[in-house]
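Everything below concerns the one structure shown next.
The values are calculated or read from the model by the stated rules, or taken from the named source; none is laboratory data. Computed from a predicted model, the values in this text were never measured in an experiment. So basically every Cβ, Gly included, is an ideal-geometry build from the backbone, and we count neighbours across all protein chains shown. Areas reflect the complete protein model, heavy atoms only, side chains present, ligands, DNA and RNA absent. Shrake-Rupley method; radii C 1.70, N 1.55, O 1.52, S 1.80 Å.
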Amino acid sequence: MRRPQSSTRNDSTDRTTRRSFLAGLGSLGLAGLGTSPGQASARSDAQRGGSQSVGGLFTDSEELEAFVDDVMADRIGTTTPGATIAIVSGETPILTKGYGTANTDVDAPVRANETVFRVGSVGKLVTYTAVMQGVEQGVLDLDTDVNSYLGDSTVSVPETYDDPVTLRHLGTHTAGFESLLDPDIVADPAAVDSLESVLVDQQPERIRPPGELVGYSNYGAGLAGHIVARAHDTTFEDYVQSEIFEPLEMTHSTFAQPVPSDQPGTLAAPHIRDGESFLPADDVYINMRAAGSLSATATDMAAFMQAHLSDGAFGDGQILDAETVGTMHSRHHVRHPAVTNWRYGFHEYGDPNANLVGHSGATVNFTSYLLLAPDHDIGIFVAYNSKPSELPKAVVDEIVAASDLQTVPTEPTPTAEPGSRERAETVAGEYSLSYLPQRGPLQAIDLLEHLTVEPATDGRLRTTTLEGTARQWIETEPYMYEAIRGHDVLAFEVTDGEVDVLHMNSEPTGVYQPVPSHERQAVTGGVLGTTVAGFGLSLAGWAGQSVWQRSKRHRDDDTPDMEVAE
């Protein structure tokens, strides 16, 4: 694969804030880190000319292209140097287009059918599609102990709890593995190891019974890929190449690390911010390949979406039967009836009743988002060759907001049930996300992401984050609160006056759990600097070292001291 060898300017300089600090963790597969939880990212309808019907926006390709061009004009050169987009309607691609530059060192435009982007955890959807192929063929079962598929593999899941881990748990991130975040990033291609070896070396502890809570797991996806490989007596990369990429004519796609030199297409360069412009960054490699090493063009991702929207069919081929697609797109784990839940591999997006499903993706300096609207036969894919604070999902949000893929949110109606103030006081406290590390240097991420909940006037709730982002919520049913604007919902599970968990609609990849008093921000703030220092050492231990050093050098040019919060 070729890599191109024009500088892009930005109107503003990044400060070292909590958001930009966490944005450096793009490789960890959680593209939402560093963004305020639940904040609407789409611009208002008034800015884009108002909401349109699905038929209007997605049936007129010229109108759609003009709309997307307008959306991207705000971002190319300011948010990201380059982007690639695919939008499909059923079996038909209605827009595949590149924007900006693939590499700021040369005049290399992004081309949707030629420029390959690393799509990070969006690749998990390919992994779980491969699992469903095995289920369809009868060689895998979603509810069988995964150890039964590992045989003489050096990988095995310890029997920590009575209930075994199954493929259903892996596809819904409910296996109960301790969060490690890092899918084994390396800077040296010679350090790329076999998936089996990585799964042995990186094996996390089981910290909760399977099926209990959602806690996003790169390890779980890697394990699912390994099981696929063993079931078919091949490597994971070779299996998806022959059984998914070739039937879908995804000729520019691969999970291989490094990307082979003879792979078709041109690999976009990753970029970091350099003052008001972008600089190409060093490439890194993801050892836990089934969790996030997919490289693909927008045209290839269009084919993948077409198959999922066409009952598994693409052209004369079929990667899944219609019934299997229906099973994959159905709910497999319900966090709470009022919030977004998990299909198989996909999580729900926006209004839980809108039947929109998607997945975000990120590597160190690439980000992406894929959304399917099965009821409307619409698929949207957006990828950047950078890791900005505003992610590709913001573009998806704007496209969704400009159509009727989901209903326009209305002002919440307060509950008539007495006791709102008392319930608000019951749920007040500090909360931590289940998918973030609770120990070690990477615990800094958890501390920075704590959510504080406190009573407000009229029985409302107020939530804040460490960076000071505040939101107001109205109780619509006991212990269920809707955001004043948007589709976001807080749903508390309370037993005997104590909160068990908090579900946030906009955080499908985990749940919030109450933080013990000794771990709260008022206490941890004094030791956060030490934790962050340890986090810096952790970065130096994996492929983010060069990115961290570069970004630190650029920060030092502007500010004498590192600031963690604004």
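Expressed as a rounded percentage, what relative contact order does region 420-519 have, with Cα pairs under 8 Å and six or more residues apart?
Values: 196 pairs, mean separation 25.3, N = 100.
Averaging sequence separation for qualifying contacts and normalising by length gives 25 percent for region 420-519.
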> Share of region 18-401's accessible area from carbon and sulfur, percent, 1.4 Å?
Replying inline: 43 percent
>> Give me, ordered by chain and number, the residues 5 or more places off Leu267 or on other chains with an amide H under 5 Å from its own placed amide H.
In response: Arg2, Arg3, Val116
> Can you give the accessible area per residue of region 420-519, in Å², using a 1.4 Å probe?
Replying inline: 38 Å²
> Tell me, what ³J(HN,Hα) does each residue in region 461-477 have, in order and in whole Hz, if you take phi through Karplus 6.51 cos²θ - 1.76 cosθ + 1.60 with θ = phi - 60° and put x for Gly and Pro?
Replying inline: 10, 10, 10, 9, 10, 4, 7, x, 5, 10, 9, 10, 10, 10, 6, 9, 9
> If amide H atoms are built 1.01 Å from N in the plane of the peptide, which residues on other chains or at least 5 residues away come under 5 Å of the amide H of Asp500?
Replying inline: Glu493, Val494, Thr495
> Can you pull out the GluC sites (Glu not before Pro) in region 133-210 that DSSP calls coil and that have at most 11 other Cβ atoms within 10 Å?
Replying inline: Glu205
>> Per-residue counts of other Cβ atoms within 10 Å, averaged by peptide: what ranking do you get for 322-329, 248-255, highest first?
In response: 248-255, 322-329
> Using modelled backbone amide H atoms (1.01 Å from N, in-plane), which distant-in-sequence or interchain residues come within less than 5 Å of Asp274's amide H?
Replying inline: Leu279
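How large is the dipole of region 18-401 about the Cα centre if only Lys and Arg carry +1 and Asp and Glu carry -1, each at its Cβ, rounded to the nearest 20 debye?
Values: 20 positive and 52 negative charges, 227 e Å.
Computed charge dipole of region 18-401: roughly 1080 debye.
How high is the FRET efficiency from Ser517 to Ser148, r the C-beta distance, R0 60 Å, rounded to 0.05? Kindly include the intermediate steps, with their values, before the conclusion.
Values: r = 43 Å, r/R0 = 0.72.
The computed FRET efficiency comes out at 0.90.
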> How many nm separate the modelled label positions at Val106 and Ala416, each set 7 Å beyond the Cα in the direction of the Cβ?
Replying inline: 6.9 nm
> Heavy-atom accessible area per residue, region 18-401, 1.4 Å probe: how many Å²?
Replying inline: 31 Å²
>> Along the charge dipole of region 420-519, pointing to its positive end and built from +1/-1 on Cβ of Lys, Arg, Asp and Glu, which listed residue (Thr457, Pro516, His503) has its Cα farthest out?
In response: Thr457
> For labels at Gln202 and Asp496 in the simple 7 Å Cα→Cβ model, what's the distance in nm?
Replying inline: 4.0 nm
>> So, R0 is 35 Å and r is the distance between the beta-carbons of Asp375 and Ala73; what FRET efficiency does that work out to, to 0.05?
In response: 0.70
> Could you give me the ³J(HN,Hα) list for region 270-287, computed from phi with Karplus coefficients 6.51, -1.76, 1.60 and θ = phi - 60°, whole Hz, x at Gly and Pro?
Replying inline: x, 9, 10, 6, 10, x, 9, 9, 10, 10, x, 10, 5, 6, 10, 10, 9, 5
> Quick one: Karplus J couplings for region 254-261, per residue in order, coefficients 6.51, -1.76, 1.60, θ = phi - 60°, nearest Hz, x for Gly and Pro?
Replying inline: 7, 9, 4, 10, x, 4, x, 5
>> Going by Cα centres, region 191-245 and region 294-337 are how many Å apart?
In response: 20 Å
>> Once you place label points 7 Å from the Cα toward the Cβ at Asp316 and Ser277, how far apart are they in nm?
In response: 5.1 nm
